[in-house]
1. Counting only residues that are more than 24 Å from VAL48 (Cβ to Cβ) and assigned to a helix (DSSP H, G or I), how many does the stretch 385-419 have?
2. Collect the residues in the stretch 52-95 that are open to solvent by 40 Å² or more (accessible area, probe 1.4 Å) and closer than 20 Å to TYR42 by Cβ, keeping them in residue-number order.
3. Does any residue of the stretch 167-176 turn out to be within 30 Å of VAL59 (Cα to Cα), surrounded by fewer than 19 Cβ atoms within 10 Å (Cβ to Cβ) and of a type in the set (Asp, Glu)?
4. Given PHE375, PHE358, PHE420, which one is open to solvent by 10 Å² or more (accessible area, probe 1.4 Å) and either closer than 24 Å to ARG68 by Cβ or in contact with an Asp or Glu (Cβ under 8 Å, 6 or more places away or on another chain) (or both)?
5. Out of LEU244, LEU194, LEU228, report the one residue that is aliphatic (A, V, I, L, M), at pLDDT 85 or above, under 29 Å from ASP349 (Cβ atoms) and open to solvent by less than 60 Å² (accessible area, probe 1.4 Å).
6. Determine if the stretch 366-375 includes at least one residue that is within 27 Å of GLU290 (Cβ to Cβ), assigned to a helix (DSSP H, G or I) and at pLDDT 90 or above.
7. Filter the stretch 92-109 down to the residues that are in contact (Cβ under 8 Å) with a residue 60 or more places away in the chain and in a helix (DSSP H, G or I), then identify the one that is nearest to GLN372 (Cα to Cα).
Amino acid sequence: MNLKVRLAVMNFLEFAVWGAYLTCMGNYLGVAGLGPQIAWFYAIQGIVSIFMPTIMGIVADKYVQPQRLLGLCHLAAGAAMLGCWWMGVQAGFGQELDNKSAFIAVYAISVAFFMPSIALANTVAFSTLKKNGFDTVKDFPPIRVLGTVGFIATMWFVNCAVWEDGSFSFTLEENLHKFQYTYMQFFVSGFLSLVLCAYCFTLPECRLESEKKCVSLAEQLGLNAFKLFKKKKMALFFIFSALLGMCLQVTNGYAGPFITSFKGIADEAIANSFAANNATLLSSISQVSEALCILMIPFFLKRFGIKIVMLMSMFAWVFRFGLFGIGNPAMPGVLLFILSCIVYGVAFDFFNVSGGIFVDQECESDIKASAQGLFMMMTNGIGATVGTLTAGEIVNSYCSWQDGYLLGDWQTCWFIFAGFALVVGISFALVFKPESK
């Protein structure tokens, strides 16, 4: 199989695993009696991202080939995610979980091994492309876009798939047995993780860097990636990566419950609208936009540089949140939701994907995996943890669960998030000054 196609399949499966539950998990948690803890479920992803990507990056740099370590991570993540599914089965459809603490613990194990796999997948792709003479700026985005396609595919699947009374079907109509509302989303994720585990062991070798003589203890442990903070440019880049990372999981955690909450209001036209009953499908427009925006990254990076590309991302977050604040699932308000989903592609990709390329270009070969783990730690770790928990406090202050729906003053919440993104964008424009190339 063509090398780039093989890497594209790897990315497809990598993000298909995540797409099965990331944007719709909140709907199930509300039913399972964990609605007030939604923010913590997304914060757990951030907490483990503070240390797990860095640790796995060190292991991939020094001890285990990245493609093999990627497979082992998915073996552990998939097994734990299937454990979450099984606990849901044991509790029964539409019932609160019997042991909520155990569910949270098993979920934490799953994401602890999944989150570093994102950085490892980048490392495998960059290493393999360079080894075979490809240009990462030109050839990586088309490969990475298949990851977004995988994310979309499982979003659509769980939005429409139904398991009811022992039979399987698809529907766009309202049905509480849709995977997007039940524990079956975790089964899809766990199964795909195990498939990717097997696939990783068929990928080409990514040879480890040969050991240097007389290296320091920090270098032996791979901690020398932190020396990047000595450079002002990189230090500012990582600091603003953390600040922008505070936005990353907000809509993943709350867009689904927000859109679905319109089913709980008195206006029947809005409550029975297609969008209110297919929140996951509507949210997938964000990933369609993301797929298209990835393909534009090489042009924008070469034409404008990392600063302008990241500024575009920051101000796109302002529109992402603001448009949610003024829209609704019925016409014409749903057009504002759609527009919010479209700008998400710029908000996410122009920061996440471009940042990964920027880090790969700016660091030495022996710390590339560690540096990718460090970038992951700052964005999906520190940034996402602080941002998600803060967002959870804001949402819980203005909204509450009523009859299975999270109802309240959502507009104020979205405007607060938009204001934060605006402040970060203006600050970044003033202080970050990379060298012109």
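1. Final tally of qualifying residues: 11.
2. Listed by number, the residues that qualify are TRP85, MET87.
3. For the stretch 167-176, residues within 30 Å of VAL59 (Cα to Cα), surrounded by fewer than 19 Cβ atoms within 10 Å (Cβ to Cβ) and of a type in the set (Asp, Glu): absent.
4. PHE375
5. LEU244
6. no
7. Out of the qualifying residues, it is ALA108.
Here's the yes/no breakdown for (1) open to solvent by less than 10 Å² (accessible area, probe 1.4 Å); (2) closer than 12 Å to LEU282 by Cα:
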site: MET310; (1), (2): yes, no
site: MET314; (1), (2): yes, no
site: PHE319; (1), (2): no, no
site: GLY322; (1), (2): no, no
site: ALA330; (1), (2): no, no
site: LEU335; (1), (2): no, yes
site: LEU339; (1), (2): no, yes
site: VAL346; (1), (2): no, no
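The values are calculated or read from the model by the stated rules, or taken from the named source; none is laboratory data. Because the structure is predicted, anything quoted here is derived from the model rather than measured. No Cβ is skipped: glycine too gets one built from the backbone with ideal geometry, and neighbour counts run over all protein chains shown. When the accessible area is computed, the model is the full protein with side chains, heavy atoms only, and any ligands, DNA or RNA have been set aside. Shrake-Rupley method; radii C 1.70, N 1.55, O 1.52, S 1.80 Å.
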